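To start, the structure itself, in structure tokens.
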Amino acid sequence: MIRLAFLIVVLFSHTVFADVDQWKIEFPKGDFLKHSVPFSEIFSGGPSRDGIPSIDNPKFAKASELNIIDTEPVIGLEINGQYKAYPIRVLMWHEIANDTLGGVPITVTYCPLCNSAIVFDRRVNGTVLDFGTTGRLRLSDLVMYDRQTETFFQQALGEGIIGTLTGTRLEMIPARLESFANYKARAGDDALVLVPNNVRARDYGANPYAGYDKAYPFLYRGDMPKGIKPMQRVITNEFRKVAFKLTDLRKMEMIEASDGTIYKWSAGQNTALGNRVIAKGADIGNVTATRDGEDVVYFVEFAFVFHAFSKGGVIK
């Protein structure tokens with residue numbers, strides 16, 4: 001048994017280091033001498049570069065024109081008085097959408113393995129970046145890359161971890177992971193909603209990770225949080241210092257954090273990671289996060305994700 005375990009470790013390590021050579025082939029502009037994390041923490045999720053294709057020429061329709069169940073989750077966004085929604089039924093298959101809203105170049109991201117929905121301003125030092133998927137994961141989280149420098153970025157942090165822009169942090173933009181009904185209620189029936197460029201390209205509306213939110217973190221090699229199941233959902237803000245259990249917020253309906261962030265819960269949004277059909281997922285509810293009456297960046301993510309990226313944060 002010991003010998004077998006040793007052999008597995010050796011083979012696994014060989015795969016990790018061999019993959020770095022593959023990275024250099026796939027990302028010829030990348031500077032692999034500059035990095036802030038060990039290469040050994042990054043694993044192939046299966047696809048290669050752009051194997052999960054980002055949406056680079058997004059197409060939209062009016063909310064009133066779409067046959068989407070009201071409880072389905074979308075990433076709802078408002079910038080400078082303009083609204084757009086990015087349904088998880090679409091982002092589940094693409095993970096990244098490069099777009100512009102209210103005059104701001106943005107990248108809308110969703111990592112199914114972490115349930116992390118994050119929107120970034122894609123301007124860095126005066127340059128507008130375009131993002132794609134590397135096909136790699138770190139701590140089970142999506143590793144993106146920008147096409148201009150081919151720097152690897154950690155989606156959960158919006159931080160460059162390998163390449164020219166290592167250490168650079170993308171600005172996060174407040175967005176809501178909310179039900180389609182809630183989006184329409186605040187944005188109007190004529191508000192824009194992302195639709196597939198080709199409805200036959202993927203099984204939109206289906207969840208290829210059926211049952212994942214009650215399973216186990218995929219390709220996660222970090223420490224596990226104590227006193228809470230790794231796949232239990234928690235709520236936190238952009239500082240990731242304190243997280244609250246979604247089950248507690250659901251009971252209390254409102255929690256005010258010490259930093260002034262007010263989290264509120266209401267029924268009517270289903271999980272995208274439960275049933276094979278997204279629209280049939282269990283109701284986990286809607287969460288909003290505000291400070292001084294304004295929306296702030298927040299995450300409804302799995303406990304293991306908070307534990308991995310909070311650097312000592314506390315789950316209450």
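Points to keep in mind about this one:
- With respect to (1) over 23 Å from Trp93 (Cα atoms); (2) modelled with pLDDT under 95; (3) of a type in the set (A, V, I, L, M, F, W, C), the lone exception for Ala187 is condition (2).
- Within segment 130-182, being farther than 23 Å from Val300 by Cα, in a loop (DSSP other than H, G, I, E, B) and touching a residue at least 40 places away in the same chain (Cβ under 8 Å) holds for Asp130, Thr149, Glu150, Thr151, Gly163, Thr164, Leu165, Thr166, Gly167, Thr168.
- Condition met for Val242 (modelled with pLDDT of 95 or more, under 23 Å from Glu78 (Cβ atoms) and either of a type in the set (A, V, I, L, M, F, W, C) or under 18 Å from the mean Cα position of the chain (by Cα) (or both)): no
- Any chance Ala185 is assigned to a helix (DSSP H, G or I), free of Cβ contacts under 8 Å to residues at least 24 places away in the same chain, over 17 Å from Phe120 (Cβ atoms) and not basic (Lys, Arg): yes
- Candidates are the residues of segment 188-213 that are in a loop (DSSP other than H, G, I, E, B) and in contact with a strand residue (DSSP E or B) (Cβ under 6 Å, 6 or more places away or on another chain); the one that is farthest from Val297 (Cα to Cα) is Asn197.
- Flag if Thr127 is surrounded by fewer than 23 Cβ atoms within 10 Å (Cβ to Cβ), over 24 Å from Arg221 (Cβ atoms) and hydroxyl-bearing (Ser, Thr, Tyr): yes
- One residue stands out among those in segment 245-273 that are buried (at least 19 other Cβ atoms within 10 Å of the Cβ) and polar (S, T, N, Q): the one that is farthest from the chain's Cα centre (by Cα), which is Thr261.
- Number of the condition not met by Leu66 [criteria: (1) touching a residue at least 40 places away in the same chain (Cβ under 8 Å); (2) within 29 Å of Ala308 (Cα to Cα)]: (2)
- Complete set of residues in segment 113-124 that are over 13 Å from the mean Cα position of the chain (by Cα) and either more than 19 Å from Thr164 (Cα to Cα) or buried (at least 20 other Cβ atoms within 10 Å of the Cβ) (or both): Arg122
- Condition check for Glu301: modelled with pLDDT of 95 or more and either polar (S, T, N, Q) or more than 19 Å from the chain's Cα centre (by Cα) (or both): no
- Taking the listed residues Thr149, Thr168, the one that is out of contact with any Leu (no Cβ under 7 Å at 6 or more places or on another chain) and under 30 Å from His35 (Cβ atoms) is Thr168, with no other qualifying.
The values are calculated or read from the model by the stated rules, or taken from the named source; none is laboratory data. Note that this is a predicted model, so its numbers are computed, not measured. Methodologically, a virtual Cβ is constructed for each residue, glycine included, from the backbone with ideal geometry; neighbour enumeration extends over all protein chains shown.
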